[in-house]
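So the structure is just underneath, and the comments pick up after that.
Rule-based calculations on the coordinates, nothing more; no lab input. Predicted, not measured: the structure shown is a model, and the values here were computed from it. Don't worry about glycine lacking a Cβ; one is built from the backbone with ideal geometry, like all the others, and counts go over all protein chains shown.
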Amino acid sequence: MLEPTTTTAEGVTRKRGHWDNEVEFLLAVVGLTVGLGSVWRFPSLAYNNGGSAFLIPFLICAVLVGQPMMYLEMIIGQYTHAGPSVVFRHYAPALQGIGWTMAITSLTICMYYSVVVSWSGIYFVLYIIGRHKHWSSCDNEWNDM
């Protein structure tokens, strides 16, 4: 298998990873966009903002804004073969901070969701082994009402 390479401005050639096929890439994109946060927050977001009436502007914004931005980001990434900080430094050096902010935001979200996923895992294991009765009622001895 051929390894794609990238030549930097200094003339250094580096090996870069790549997707073996389109299905692999599609599954990675779907896994990043439709994650636990979507399943966890979207129902309450829709309920608090008008129910099914919320879906119409949400879908319009997703199609008219989200999809073109996603394609733009993918095309720029494919064209430059670089991460966000390098891309912004290449096109507009003053905007390099946007690339670093994107990377730091992704890292922060990963740290936050790892806690949520661990809670889900703990609740799942406790439910499977039958110890889910702790949170199924409110009549504990330490409750004062």
Which of rounded, prolate, oblate describes the stretch 10-77, given a ≥ b ≥ c as roots of the alpha-carbon gyration tensor eigenvalues and a/c under 1.5 marking rounded, otherwise prolate only if a/b is larger than b/c? prolate
Can you classify the stretch 64-117 as rounded, prolate or oblate using the Cα gyration tensor, where a ≥ b ≥ c are the square roots of its eigenvalues, rounded means a/c under 1.5, and otherwise it's prolate if a/b beats b/c and oblate if not? oblate
Label zone at residue 60, where the point sits 7 Å out along the Cα-to-Cβ direction: the stretch 13-50 residues whose backbone N lies under 16 Å: 50
Computed over the chain: longest principal axis from alpha-carbon atoms vs helix 36-48 long axis, angle to nearest 10 degrees, is 60 degrees
Please give the FRET efficiency for residue 53 paired with residue 136, using the beta carbon to beta carbon distance and R0 = 41 Å, rounded to the nearest 0.05. 0.75
Work out which GluC sites (Glu not before Pro) in the chain are exposed loop sites (DSSP not H, G, I, E or B, at most 12 other Cβ within 10 Å) and give the longest gap free of them. 11-140
Debye intensity ratio I(q)/I(0), log10, the stretch 15-145, q values 0.18 Å⁻¹ (C-alpha model): -1.27
Counting alpha carbon pairs within less than 8 Å and at least 6 residues apart, what relative contact order, in whole percent, applies to the stretch 18-124? 16 percent
Taking the chain and counting helices only, DSSP H stretches of n ≥ 4 at -39,500 (n - 2.57) each over all residues, the nearest-500 ellipticity at 222 nm comes to -20500 deg cm²/dmol
